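The values are calculated or read from the model by the stated rules, or taken from the named source; none is laboratory data. These figures come from a predicted structure and were not determined experimentally. Cβ placement follows ideal geometry from the backbone for every residue including glycine, while neighbour counts extend to all protein chains displayed. The accessibility values were calculated without ligands, DNA or RNA, using every heavy atom of the protein model including side chains. Shrake-Rupley method; radii C 1.70, N 1.55, O 1.52, S 1.80 Å.
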Amino acid sequence: MAINVNTVYTTVLTILNKEQRGYLTPYEFNNLGRQVQLEIFESYFENLNQMLRQPPSNDTEYANRVKLLEEKIATFETQATATVALSGMFGQTTLPADNHRFGMLEYTDSAKLPVEVEKLSRQEFLQARRSQLTSPTSSHPICYLEGNTLNILPGIATAAANAANGTGAQSYIIEYVKKPADPVWAFTVNSVGGYVYDPGVASVNFEISDVDQTELILKILMYAGVIVRDQQIVQQAAQAAVAQDSLEQS
C-alpha cells in the first residue's frame, strides 16, 4: 500500500515548525522524498541478503522477516516486451528505463514453449560461444549484460519479417524489478502566495511499503535539518532512524 505524499509532507512541516525551526519548500521536499525513497527501497535488497544468510529464527506468518521483505519487493516485480535487433552476430535489446534489478530474459519461438535465456558474465559468454558443448541454440540461448544492453546468442531478432521467412514468430520478455516512481507533492499557489496541495494527476504518492512510513519521515527530517541548518534535528532524526533500522533487523 502506498504512502500518501501529503501526509508525509504535512508531518515533516509540523515537526519542523513546532519550535519555529525553519521551512521546507515543496521543491526541497520532493527532492528529499525521491532520495529517501530510493535509499529505503535499496535497503530491501540489502536486508533480504543479510536475512537469507542467517539461520531461520521465526516461521510464523506475520513475523517472518524474509517473507515480509520478499513481499515488499514483489510489489515492484514486473515484465516488459523486448524488441531485439541484430548487431553483427548478436541480438541486442536495452533494459526498460525504470529497471532497477534485472531478473531474467525469456525467449519464445512461435508455438514452442518459452525458455529462459541463461544470463552469464561476459567471460562466461565468450567461452560458451567458443565451445561445441555449450554453444548457444534457440532452445538454449545465452546473454550477458553490458551497461544497459543485453547481448544475446543466437542472434534472433523480433522483426516481423521472421515469420515470413519461415523462422517463426520470435518474442522476448524481460522480467525485472522496477524503480519506484518519484514522489511529487504538487501544488497551486493561493492569493497570498501560499502553497496549496493539489491531489490531482500531478501528485504522486510514495510507492514503498506503508510499513516504512515512520522511517521515511525520520530520514526526510534528517536531511531537512541540514537544509534549515538545525543540527539538533539532524542528530535526533538520525538517532531515531538508526533505532528503527536496528529494530527491524533484530
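What the table shows:
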quantity: Checking A80 against (1) without any contact (Cβ under 8 Å) to a residue 12 or more places away in the chain; (2) open to solvent by less than 50 Å² (accessible area, probe 1.4 Å), the condition it does not meet; calculated: (1)
quantity: Residues satisfying the stated conditions in region 3-37, i.e. of a type in the set (A, V, I, L, M), at pLDDT 95 or above and within 17 Å of D210 (Cβ to Cβ); calculated: I3, V5, V8, V36
quantity: Region 82-135, residues that are among the hydroxyl-bearing types (S, T, Y) and in a loop (DSSP other than H, G, I, E, B); calculated: T83, S110, S121, S131, T134, S135
quantity: Residues that are exposed (fewer than 11 other Cβ atoms within 10 Å of the Cβ), among the small types (G, A, S) and under 15 Å from P154 (Cα atoms), drawn from region 84-138; calculated: G88, S131
quantity: Test for N58: is it at pLDDT below 90, over 27 Å from P199 (Cα atoms) and crowded, with 16+ Cβ neighbours inside 10 Å; calculated: no
quantity: Spans of strands (runs of 3 or more DSSP E) in region 153-250 with at least 1 residues under 30 Å from S138 (Cβ atoms) and modelled with pLDDT of 70 or more; calculated: 170-178
